[in-house]
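Each remark here refers to the structure printed beneath this line.
The values are calculated or read from the model by the stated rules, or taken from the named source; none is laboratory data. Predicted, not measured: the structure shown is a model, and the values here were computed from it. Cβ atoms come from the backbone with ideal geometry, glycine included; neighbour counts cover every protein chain shown. All accessible areas refer to the heavy atoms of the entire protein, side chains included, with ligands and DNA or RNA removed. Shrake-Rupley method; radii C 1.70, N 1.55, O 1.52, S 1.80 Å.
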Number of protein chains: 2
Amino acid sequence: MKIPRVHVCYSPELFSAYAENEPVVVVIDVLRATTAICTAIDSGAERVIPVVNVKVAKDYLDKGYIVAAERGGNIVDGFEYGNSPAAFRGDHVKGKTIVLTTSNGTYAIAAAQNAHKVAIGAFVNLQSIVNWLCSFQDREVVLLCAGWKRKFNMEDTLFAGAVVEKLKEMDKVKELTDSGIAALHLYRLAREDLFGFLEDSSHRRRLRKLDITEDVKFCLSLNEMDVLPILTPDGVIKQQ
Amino acid sequence: MKIPRVHVCYSPELFSAYAENEPVVVVIDVLRATTAICTAIDSGAERVIPVVNVKVAKDYLDKGYIVAAERGGNIVDGFEYGNSPAAFRGDHVKGKTIVLTTSNGTYAIAAAQNAHKVAIGAFVNLQSIVNWLCSFQDREVVLLCAGWKRKFNMEDTLFAGAVVEKLKEMDKVKELTDSGIAALHLYRLAREDLFGFLEDSSHRRRLRKLDITEDVKFCLSLNEMDVLPILTPDGVIKQQ
(Lines give C-alpha, C1' and ligand atoms only; values in the text may rest on other atoms or scores of the structure.)
Protein backbone atom coordinates (compact mmCIF):
# COMPACT_ATOMS: atom_id res chain seq x y z
CA MET A 1 0.00 0.00 0.00
CA LYS A 2 1.03 3.57 -0.68
CA ILE A 3 0.65 6.81 1.22
CA PRO A 4 -2.37 8.44 -0.44
CA ARG A 5 -0.98 11.96 -0.49
CA VAL A 6 2.17 13.72 0.71
CA HIS A 7 2.10 17.48 1.36
CA VAL A 8 4.75 19.89 2.52
CA CYS A 9 3.33 22.71 4.62
CA TYR A 10 5.69 25.70 4.50
CA SER A 11 4.45 27.55 7.57
CA PRO A 12 2.76 26.47 10.81
CA GLU A 13 0.23 29.20 10.03
CA LEU A 14 -1.06 27.16 7.08
CA PHE A 15 -1.29 23.86 8.88
CA SER A 16 -5.08 23.82 9.14
CA ALA A 17 -5.33 23.99 5.33
CA TYR A 18 -3.44 20.69 5.14
CA ALA A 19 -5.05 18.97 8.10
CA GLU A 20 -8.51 18.15 6.77
CA ASN A 21 -7.95 14.41 6.60
CA GLU A 22 -6.37 13.81 10.01
CA PRO A 23 -2.85 13.39 8.69
CA VAL A 24 0.32 11.97 10.13
CA VAL A 25 2.70 14.90 10.68
CA VAL A 26 6.43 15.39 10.87
CA VAL A 27 7.43 18.68 12.48
CA ILE A 28 10.66 20.05 11.02
CA ASP A 29 12.92 22.77 12.40
CA VAL A 30 16.31 21.61 11.23
CA LEU A 31 18.20 24.68 12.52
CA ARG A 32 17.97 23.79 15.35
CA ALA A 33 14.95 22.88 17.48
CA THR A 34 14.01 19.49 16.05
CA THR A 35 17.66 18.45 15.78
CA ALA A 36 18.03 19.41 19.45
CA ILE A 37 14.97 17.37 20.45
CA CYS A 38 16.25 14.31 18.58
CA THR A 39 19.61 14.69 20.30
CA ALA A 40 18.06 15.03 23.75
CA ILE A 41 15.84 11.98 23.33
CA ASP A 42 18.71 10.00 21.81
CA SER A 43 20.84 10.94 24.81
CA GLY A 44 18.30 9.40 27.14
CA ALA A 45 16.12 12.36 28.15
CA GLU A 46 12.82 10.93 29.37
CA ARG A 47 10.76 13.61 27.69
CA VAL A 48 10.92 17.06 26.11
CA ILE A 49 8.04 19.38 26.92
CA PRO A 50 7.69 21.97 24.17
CA VAL A 51 6.21 25.26 25.35
CA VAL A 52 5.42 28.25 23.17
CA ASN A 53 5.84 30.92 25.79
CA VAL A 54 9.03 32.10 27.55
CA LYS A 55 7.00 32.96 30.64
CA VAL A 56 5.81 29.36 30.92
CA ALA A 57 9.39 28.18 30.41
CA LYS A 58 10.48 30.44 33.28
CA ASP A 59 7.85 28.87 35.54
CA TYR A 60 9.33 25.44 34.82
CA LEU A 61 12.81 26.81 35.51
CA ASP A 62 11.67 28.01 38.90
CA LYS A 63 10.40 24.49 39.64
CA GLY A 64 13.86 23.03 39.00
CA TYR A 65 13.48 21.59 35.51
CA ILE A 66 16.19 21.69 32.86
CA VAL A 67 14.83 24.45 30.63
CA ALA A 68 16.06 25.60 27.24
CA ALA A 69 14.86 28.87 25.72
CA GLU A 70 15.89 30.34 22.38
CA ARG A 71 14.75 33.42 20.51
CA GLY A 72 16.38 34.71 17.32
CA GLY A 73 19.11 32.07 17.56
CA ASN A 74 20.28 33.17 21.01
CA ILE A 75 19.81 31.74 24.49
CA VAL A 76 17.20 33.84 26.28
CA ASP A 77 18.60 35.77 29.26
CA GLY A 78 18.24 33.85 32.49
CA PHE A 79 18.36 30.38 30.89
CA GLU A 80 21.31 28.03 30.67
CA TYR A 81 20.43 26.38 27.39
CA GLY A 82 19.18 27.53 23.97
CA ASN A 83 18.51 25.29 20.98
CA SER A 84 22.02 24.03 20.28
CA PRO A 85 21.92 20.24 19.92
CA ALA A 86 25.39 20.07 21.49
CA ALA A 87 23.91 21.13 24.83
CA PHE A 88 21.67 18.05 24.87
CA ARG A 89 24.37 15.47 24.37
CA GLY A 90 25.60 13.90 27.59
CA ASP A 91 24.71 12.30 30.87
CA HIS A 92 23.18 15.47 32.33
CA VAL A 93 19.97 14.86 30.32
CA LYS A 94 19.69 11.12 31.02
CA GLY A 95 16.31 10.29 32.51
CA LYS A 96 15.44 13.97 32.76
CA THR A 97 12.50 16.07 31.59
CA ILE A 98 13.62 18.98 29.44
CA VAL A 99 11.41 21.97 28.80
CA LEU A 100 12.04 23.74 25.51
CA THR A 101 10.81 26.96 23.92
CA THR A 102 12.20 28.20 20.59
CA SER A 103 11.36 30.89 18.02
CA ASN A 104 9.73 28.62 15.49
CA GLY A 105 9.97 24.93 16.28
CA THR A 106 7.85 24.78 19.41
CA TYR A 107 5.21 26.93 17.71
CA ALA A 108 5.07 24.42 14.86
CA ILE A 109 4.69 21.54 17.30
CA ALA A 110 1.80 23.38 18.96
CA ALA A 111 0.14 23.94 15.56
CA ALA A 112 0.21 20.20 14.85
CA GLN A 113 -0.81 18.92 18.25
CA ASN A 114 -4.26 17.69 17.23
CA ALA A 115 -3.09 15.69 14.23
CA HIS A 116 -3.45 11.90 14.18
CA LYS A 117 0.22 11.35 15.07
CA VAL A 118 3.14 13.77 15.27
CA ALA A 119 6.84 12.96 15.09
CA ILE A 120 9.86 15.22 15.36
CA GLY A 121 12.15 15.11 12.33
CA ALA A 122 15.53 16.42 11.23
CA PHE A 123 18.34 15.22 8.99
CA VAL A 124 19.88 13.45 11.97
CA ASN A 125 16.96 10.99 12.18
CA LEU A 126 15.84 10.95 8.52
CA GLN A 127 15.68 7.18 8.13
CA SER A 128 13.74 6.70 11.38
CA ILE A 129 11.16 9.21 10.16
CA VAL A 130 10.85 7.52 6.78
CA ASN A 131 10.39 4.09 8.36
CA TRP A 132 7.74 5.46 10.70
CA LEU A 133 5.79 7.14 7.87
CA CYS A 134 5.72 3.85 5.97
CA SER A 135 3.85 2.28 8.87
CA PHE A 136 0.76 4.47 8.21
CA GLN A 137 0.07 3.71 4.62
CA ASP A 138 -3.57 4.77 4.65
CA ARG A 139 -2.94 8.24 6.09
CA GLU A 140 -2.06 11.46 4.34
CA VAL A 141 1.33 12.80 5.37
CA VAL A 142 2.10 16.43 6.13
CA LEU A 143 5.73 17.46 6.42
CA LEU A 144 5.35 20.62 8.49
CA CYS A 145 8.17 23.12 8.15
CA ALA A 146 8.56 25.46 11.10
CA GLY A 147 9.99 28.10 8.78
CA TRP A 148 11.14 31.43 10.16
CA LYS A 149 8.65 33.76 11.82
CA ARG A 150 5.73 32.25 9.87
CA LYS A 151 7.72 32.50 6.62
CA PHE A 152 9.15 29.91 4.23
CA ASN A 153 12.69 28.79 4.90
CA MET A 154 15.08 26.69 2.89
CA GLU A 155 16.62 24.23 5.33
CA ASP A 156 13.29 22.80 6.51
CA THR A 157 12.19 22.54 2.88
CA LEU A 158 15.32 20.56 2.01
CA PHE A 159 14.67 18.08 4.80
CA ALA A 160 11.06 17.69 3.63
CA GLY A 161 12.45 17.03 0.14
CA ALA A 162 14.80 14.40 1.55
CA VAL A 163 11.86 12.59 3.15
CA VAL A 164 9.92 12.73 -0.13
CA GLU A 165 12.95 11.40 -2.02
CA LYS A 166 13.27 8.42 0.33
CA LEU A 167 9.54 7.65 0.19
CA LYS A 168 9.58 7.81 -3.60
CA GLU A 169 12.65 5.58 -3.82
CA MET A 170 10.61 3.01 -1.92
CA ASP A 171 7.62 3.64 -4.22
CA LYS A 172 5.46 4.53 -1.24
CA VAL A 173 3.81 7.71 -2.57
CA LYS A 174 0.54 7.62 -4.45
CA GLU A 175 0.15 11.39 -4.91
CA LEU A 176 2.73 14.07 -4.33
CA THR A 177 1.20 17.54 -4.17
CA ASP A 178 2.84 20.63 -5.69
CA SER A 179 4.42 21.51 -2.34
CA GLY A 180 6.03 18.07 -2.24
CA ILE A 181 7.18 18.29 -5.86
CA ALA A 182 8.84 21.63 -5.11
CA ALA A 183 10.65 20.32 -2.01
CA LEU A 184 11.86 17.25 -3.92
CA HIS A 185 13.28 19.37 -6.76
CA LEU A 186 15.06 21.65 -4.30
CA TYR A 187 16.51 18.74 -2.36
CA ARG A 188 17.84 17.16 -5.54
CA LEU A 189 19.59 20.43 -6.39
CA ALA A 190 21.07 20.67 -2.91
CA ARG A 191 21.81 17.12 -1.83
CA GLU A 192 25.45 16.94 -2.92
CA ASP A 193 26.33 19.87 -0.69
CA LEU A 194 23.57 20.90 1.68
CA PHE A 195 25.83 23.26 3.60
CA GLY A 196 27.00 25.01 0.43
CA PHE A 197 23.47 25.25 -0.94
CA LEU A 198 22.31 26.89 2.27
CA GLU A 199 25.22 29.32 2.40
CA ASP A 200 23.14 31.90 0.57
CA SER A 201 19.91 31.29 2.39
CA SER A 202 18.63 34.01 4.64
CA HIS A 203 18.53 31.81 7.70
CA ARG A 204 22.11 30.74 7.22
CA ARG A 205 23.13 34.36 6.81
CA ARG A 206 21.35 35.12 10.05
CA LEU A 207 22.96 32.19 11.85
CA ARG A 208 26.39 32.92 10.47
CA LYS A 209 26.49 35.94 12.73
CA LEU A 210 26.07 33.59 15.68
CA ASP A 211 29.25 31.65 14.83
CA ILE A 212 27.66 28.21 15.03
CA THR A 213 29.11 26.59 11.92
CA GLU A 214 29.88 23.31 13.68
CA ASP A 215 26.35 23.18 15.02
CA VAL A 216 24.91 23.77 11.56
CA LYS A 217 27.10 21.08 10.02
CA PHE A 218 25.88 18.63 12.63
CA CYS A 219 22.26 19.62 11.93
CA LEU A 220 22.81 18.86 8.23
CA SER A 221 24.33 15.42 8.76
CA LEU A 222 22.11 12.49 7.82
CA ASN A 223 21.11 9.60 10.04
CA GLU A 224 23.33 10.40 13.00
CA MET A 225 20.88 8.64 15.31
CA ASP A 226 18.22 5.99 15.18
CA VAL A 227 15.63 7.79 17.25
CA LEU A 228 11.97 8.62 16.76
CA PRO A 229 10.63 11.35 19.06
CA ILE A 230 6.82 11.30 19.18
CA LEU A 231 4.47 13.95 20.53
CA THR A 232 2.17 12.73 23.30
CA PRO A 233 -0.07 14.66 25.71
CA ASP A 234 2.82 14.41 28.20
CA GLY A 235 5.40 15.86 25.86
CA VAL A 236 7.77 14.41 23.31
CA ILE A 237 9.00 10.93 24.15
CA LYS A 238 10.90 8.16 22.45
CA GLN A 239 8.75 5.82 20.38
CA GLN A 240 9.35 2.35 21.74
CA MET B 1 19.46 51.55 -6.61
CA LYS B 2 18.35 48.03 -5.85
CA ILE B 3 15.17 46.56 -4.41
CA PRO B 4 16.08 46.00 -0.75
CA ARG B 5 14.38 42.62 -0.42
CA VAL B 6 12.31 40.32 -2.61
CA HIS B 7 9.98 37.77 -1.02
CA VAL B 8 7.67 35.20 -2.50
CA CYS B 9 4.59 34.61 -0.35
CA TYR B 10 3.14 31.17 -1.08
CA SER B 11 -0.34 31.68 0.31
CA PRO B 12 -2.60 34.72 0.79
CA GLU B 13 -3.01 33.47 4.34
CA LEU B 14 0.62 34.32 5.08
CA PHE B 15 0.60 37.76 3.53
CA SER B 16 0.63 39.67 6.82
CA ALA B 17 3.94 37.99 7.73
CA TYR B 18 5.53 39.56 4.64
CA ALA B 19 3.80 42.94 4.82
CA GLU B 20 5.59 44.58 7.73
CA ASN B 21 7.44 47.13 5.62
CA GLU B 22 4.60 48.34 3.37
CA PRO B 23 5.76 46.45 0.31
CA VAL B 24 4.92 46.69 -3.35
CA VAL B 25 2.92 43.58 -4.22
CA VAL B 26 2.28 41.54 -7.35
CA VAL B 27 -0.75 39.26 -7.05
CA ILE B 28 -0.31 36.05 -9.04
CA ASP B 29 -2.93 33.52 -10.07
CA VAL B 30 -1.60 32.31 -13.37
CA LEU B 31 -4.29 29.63 -13.91
CA ARG B 32 -6.34 31.68 -14.56
CA ALA B 33 -7.62 34.73 -12.67
CA THR B 34 -4.72 37.14 -13.09
CA THR B 35 -4.23 36.11 -16.72
CA ALA B 36 -7.93 36.83 -17.25
CA ILE B 37 -7.67 40.25 -15.60
CA CYS B 38 -4.67 41.18 -17.77
CA THR B 39 -6.59 40.08 -20.85
CA ALA B 40 -9.70 42.05 -19.93
CA ILE B 41 -7.75 45.25 -19.24
CA ASP B 42 -5.68 44.76 -22.38
CA SER B 43 -8.91 44.36 -24.36
CA GLY B 44 -10.08 47.76 -23.16
CA ALA B 45 -12.20 46.97 -20.12
CA GLU B 46 -12.40 50.12 -18.03
CA ARG B 47 -12.03 48.27 -14.76
CA VAL B 48 -12.25 44.87 -13.12
CA ILE B 49 -13.86 44.79 -9.70
CA PRO B 50 -12.59 41.75 -7.77
CA VAL B 51 -15.08 40.45 -5.21
CA VAL B 52 -14.50 37.56 -2.83
CA ASN B 53 -18.10 36.49 -2.46
CA VAL B 54 -20.40 34.85 -5.05
CA LYS B 55 -23.40 36.50 -3.40
CA VAL B 56 -21.90 39.94 -3.98
CA ALA B 57 -21.11 38.96 -7.58
CA LYS B 58 -24.78 37.98 -8.01
CA ASP B 59 -25.89 41.41 -6.76
CA TYR B 60 -23.73 43.03 -9.47
CA LEU B 61 -25.21 40.66 -12.05
CA ASP B 62 -28.70 41.76 -11.08
CA LYS B 63 -27.62 45.37 -11.64
CA GLY B 64 -26.60 44.61 -15.24
CA TYR B 65 -22.82 44.33 -14.94
CA ILE B 66 -20.71 41.82 -16.84
CA VAL B 67 -19.95 39.36 -14.06
CA ALA B 68 -17.57 36.41 -14.07
CA ALA B 69 -17.68 33.80 -11.33
CA GLU B 70 -15.49 30.73 -11.02
CA ARG B 71 -15.20 28.06 -8.34
CA GLY B 72 -13.06 24.93 -8.68
CA GLY B 73 -12.23 25.77 -12.28
CA ASN B 74 -15.87 25.90 -13.41
CA ILE B 75 -18.26 28.74 -14.20
CA VAL B 76 -20.64 29.15 -11.27
CA ASP B 77 -24.26 28.34 -12.15
CA GLY B 78 -26.19 31.40 -13.22
CA PHE B 79 -23.16 33.28 -14.58
CA GLU B 80 -22.08 33.62 -18.19
CA TYR B 81 -18.34 33.85 -17.58
CA GLY B 82 -15.79 32.05 -15.43
CA ASN B 83 -12.06 32.76 -15.32
CA SER B 84 -11.09 31.77 -18.86
CA PRO B 85 -8.99 34.57 -20.38
CA ALA B 86 -10.54 33.78 -23.78
CA ALA B 87 -13.87 35.12 -22.56
CA PHE B 88 -12.34 38.56 -21.95
CA ARG B 89 -10.84 39.02 -25.39
CA GLY B 90 -13.04 41.08 -27.70
CA ASP B 91 -15.14 44.19 -28.17
CA HIS B 92 -17.80 43.12 -25.66
CA VAL B 93 -15.54 44.17 -22.77
CA LYS B 94 -14.40 47.50 -24.27
CA GLY B 95 -15.10 50.37 -21.90
CA LYS B 96 -16.98 48.07 -19.56
CA THR B 97 -16.73 47.31 -15.86
CA ILE B 98 -16.27 43.61 -15.22
CA VAL B 99 -16.95 42.07 -11.84
CA LEU B 100 -14.91 38.96 -11.05
CA THR B 101 -14.92 36.37 -8.30
CA THR B 102 -12.66 33.31 -8.41
CA SER B 103 -11.59 30.50 -6.06
CA ASN B 104 -8.19 31.88 -5.19
CA GLY B 105 -7.18 34.96 -7.18
CA THR B 106 -9.73 37.44 -5.88
CA TYR B 107 -9.06 36.27 -2.32
CA ALA B 108 -5.36 37.00 -2.84
CA ILE B 109 -6.15 40.48 -4.17
CA ALA B 110 -8.27 41.13 -1.09
CA ALA B 111 -5.44 39.97 1.19
CA ALA B 112 -3.06 42.51 -0.40
CA GLN B 113 -5.40 45.45 -0.63
CA ASN B 114 -3.72 47.56 2.04
CA ALA B 115 -0.21 47.24 0.62
CA HIS B 116 1.63 50.28 -0.71
CA LYS B 117 0.86 49.38 -4.35
CA VAL B 118 -0.64 46.26 -5.89
CA ALA B 119 -0.34 45.07 -9.48
CA ILE B 120 -1.83 42.04 -11.18
CA GLY B 121 0.73 39.73 -12.75
CA ALA B 122 0.88 36.66 -14.97
CA PHE B 123 3.24 35.28 -17.59
CA VAL B 124 1.33 37.23 -20.25
CA ASN B 125 2.48 40.58 -18.78
CA LEU B 126 5.80 39.53 -17.21
CA GLN B 127 7.91 42.31 -18.66
CA SER B 128 5.40 45.02 -17.70
CA ILE B 129 5.48 43.75 -14.12
CA VAL B 130 9.27 43.72 -14.02
CA ASN B 131 9.50 47.27 -15.38
CA TRP B 132 6.97 48.47 -12.85
CA LEU B 133 8.81 46.85 -9.92
CA CYS B 134 12.02 48.57 -10.98
CA SER B 135 10.31 51.92 -10.52
CA PHE B 136 10.07 51.41 -6.72
CA GLN B 137 13.66 50.75 -5.83
CA ASP B 138 13.38 51.62 -2.16
CA ARG B 139 10.44 49.29 -1.44
CA GLU B 140 10.43 45.65 -0.50
CA VAL B 141 8.67 43.48 -3.08
CA VAL B 142 6.27 40.68 -2.27
CA LEU B 143 5.29 38.31 -5.07
CA LEU B 144 2.02 36.99 -3.68
CA CYS B 145 0.96 33.60 -5.02
CA ALA B 146 -2.76 32.92 -4.82
CA GLY B 147 -2.04 29.21 -4.54
CA TRP B 148 -4.88 26.72 -4.32
CA LYS B 149 -7.27 26.83 -1.36
CA ARG B 150 -4.65 28.50 0.86
CA LYS B 151 -2.03 25.93 -0.23
CA PHE B 152 1.19 26.21 -2.23
CA ASN B 153 0.88 25.72 -5.98
CA MET B 154 3.49 25.32 -8.65
CA GLU B 155 2.39 27.57 -11.50
CA ASP B 156 2.22 30.72 -9.39
CA THR B 157 5.62 29.84 -7.93
CA LEU B 158 7.11 29.53 -11.41
CA PHE B 159 5.85 32.95 -12.41
CA ALA B 160 7.29 34.42 -9.20
CA GLY B 161 10.58 32.74 -10.14
CA ALA B 162 10.41 34.29 -13.62
CA VAL B 163 10.04 37.76 -12.07
CA VAL B 164 12.98 37.10 -9.75
CA GLU B 165 15.08 35.88 -12.70
CA LYS B 166 14.39 39.06 -14.68
CA LEU B 167 15.10 41.32 -11.70
CA LYS B 168 18.37 39.50 -11.04
CA GLU B 169 19.42 39.70 -14.69
CA MET B 170 19.07 43.46 -14.34
CA ASP B 171 21.00 43.35 -11.04
CA LYS B 172 18.08 44.98 -9.24
CA VAL B 173 17.90 42.72 -6.17
CA LYS B 174 19.81 43.49 -3.01
CA GLU B 175 18.48 40.58 -0.93
CA LEU B 176 16.56 37.58 -2.11
CA THR B 177 14.88 35.69 0.74
CA ASP B 178 14.68 31.90 0.91
CA SER B 179 11.23 31.96 -0.68
CA GLY B 180 12.62 33.88 -3.64
CA ILE B 181 15.64 31.60 -3.93
CA ALA B 182 13.31 28.59 -4.06
CA ALA B 183 11.08 30.12 -6.75
CA LEU B 184 14.11 31.05 -8.83
CA HIS B 185 15.53 27.51 -8.69
CA LEU B 186 12.19 26.02 -9.66
CA TYR B 187 11.73 28.44 -12.55
CA ARG B 188 15.19 27.62 -13.88
CA LEU B 189 14.31 23.92 -13.85
CA ALA B 190 11.01 24.58 -15.63
CA ARG B 191 11.68 27.44 -18.02
CA GLU B 192 12.47 25.40 -21.11
CA ASP B 193 9.08 23.71 -20.98
CA LEU B 194 6.69 25.26 -18.49
CA PHE B 195 3.75 23.23 -19.75
CA GLY B 196 5.65 19.96 -19.49
CA PHE B 197 6.99 20.81 -16.04
CA LEU B 198 3.46 21.51 -14.83
CA GLU B 199 2.03 18.34 -16.35
CA ASP B 200 2.58 16.52 -13.07
CA SER B 201 1.47 19.30 -10.80
CA SER B 202 -1.69 18.82 -8.84
CA HIS B 203 -3.36 21.91 -10.25
CA ARG B 204 -2.67 20.84 -13.82
CA ARG B 205 -4.06 17.41 -13.04
CA ARG B 206 -7.16 19.07 -11.67
CA LEU B 207 -7.50 21.36 -14.66
CA ARG B 208 -6.83 18.59 -17.13
CA LYS B 209 -10.24 17.21 -16.27
CA LEU B 210 -11.73 20.51 -17.44
CA ASP B 211 -10.29 20.13 -20.94
CA ILE B 212 -8.76 23.59 -21.10
CA THR B 213 -5.36 22.82 -22.57
CA GLU B 214 -5.42 25.75 -25.00
CA ASP B 215 -6.31 28.09 -22.16
CA VAL B 216 -3.45 26.77 -20.06
CA LYS B 217 -0.98 27.16 -22.92
CA PHE B 218 -2.07 30.75 -23.35
CA CYS B 219 -1.67 31.36 -19.62
CA LEU B 220 1.91 30.07 -19.81
CA SER B 221 2.95 32.23 -22.77
CA LEU B 222 5.29 35.10 -21.95
CA ASN B 223 4.75 38.77 -22.71
CA GLU B 224 1.61 38.42 -24.79
CA MET B 225 0.55 41.92 -23.80
CA ASP B 226 2.09 45.14 -22.60
CA VAL B 227 -0.42 45.89 -19.87
CA LEU B 228 -0.14 46.74 -16.20
CA PRO B 229 -3.35 46.29 -14.19
CA ILE B 230 -3.17 48.15 -10.88
CA LEU B 231 -5.45 47.81 -7.87
CA THR B 232 -7.17 51.04 -6.83
CA PRO B 233 -10.06 51.67 -4.41
CA ASP B 234 -12.34 51.61 -7.49
CA GLY B 235 -11.11 48.26 -8.73
CA VAL B 236 -8.33 47.14 -11.03
CA ILE B 237 -7.55 49.61 -13.80
CA LYS B 238 -4.88 50.10 -16.40
CA GLN B 239 -1.81 51.97 -15.19
CA GLN B 240 -1.43 54.97 -17.49
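Quick rundown of the values:
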{"read-out": "Alpha-carbon Debye profile of the stretch A:1-156, log10 I(q)/I(0) at 0.14 Å⁻¹", "value": "-0.66"}
{"read-out": "Charge dipole of the protein assembly as shown about the Cα centre (unit charges at C-beta), most positive-ward option of B:F152, A:A57, A:V24", "value": "A:A57"}
{"read-out": "Which listed pairs, of A:K2/A:K168; A:K149/B:K168; B:K2/B:K238, have C-alpha distances above 19 Å, in listed order", "value": "A:K149/B:K168; B:K2/B:K238"}
{"read-out": "Accessible area in the full protein assembly, largest first, 1.4 Å probe, for A:S16, A:S84", "value": "A:S16, A:S84"}
{"read-out": "Cα-centred dipole magnitude for the stretch A:110-240, charges only on beta-carbon of K, R (+1) and D, E (-1), debye, nearest 20", "value": "400 debye"}
{"read-out": "Cα-based equivalent ellipsoid of the stretch A:65-118: semi-axis lengths in Å, sorted from largest, via gyration tensor", "value": "21, 16, 9"}
{"read-out": "Other copies of B:P233: label-to-label distances in nm, shortest first, labels 7 Å along the beta-carbon direction", "value": "5.4"}
{"read-out": "On Cα atoms only, tilt of A:33-42 relative to the major axis of chain A in degrees", "value": "80 degrees"}
{"read-out": "Label point 7 Å beyond Cα along the C-beta direction, distances from B:D138 to other copies (nm, shortest first)", "value": "6.2"}
{"read-out": "Portion, in percent, of the accessible area of chain B that falls on carbon or sulfur, probe 1.4 Å", "value": "45 percent"}
{"read-out": "Stretch gain in nm, segment B:N131-B:S16, where the contour uses 0.36 nm per residue and the Cα spacing is subtracted", "value": "38.9 nm"}
{"read-out": "Degrees, to the nearest 10: A:154-169 long Cα axis against longest axis of chain A", "value": "50 degrees"}
{"read-out": "Rule-of-thumb Rg ratio for the protein assembly as shown [Cα; 2.2 N^0.38 Å; N residues]", "value": "1.02"}
{"read-out": "Pairs beyond 22 Å (Cα-Cα), from B:K117/B:K172; A:K209/B:K174; B:K96/B:K209", "value": "B:K96/B:K209"}
{"read-out": "Label spacing, shortest first and in nm, from B:E20 to its equivalents in the remaining copies (7 angstrom along Cα→Cβ)", "value": "3.3"}
{"read-out": "Student exercise, chain B dipole from Lys, Arg, Asp, Glu Cβ charges, in Debye to nearest 20", "value": "240 debye"}
{"read-out": "Folded to 0 to 90 degrees: helix B:178-190 orientation relative to chain B principal axis, Cα", "value": "70 degrees"}
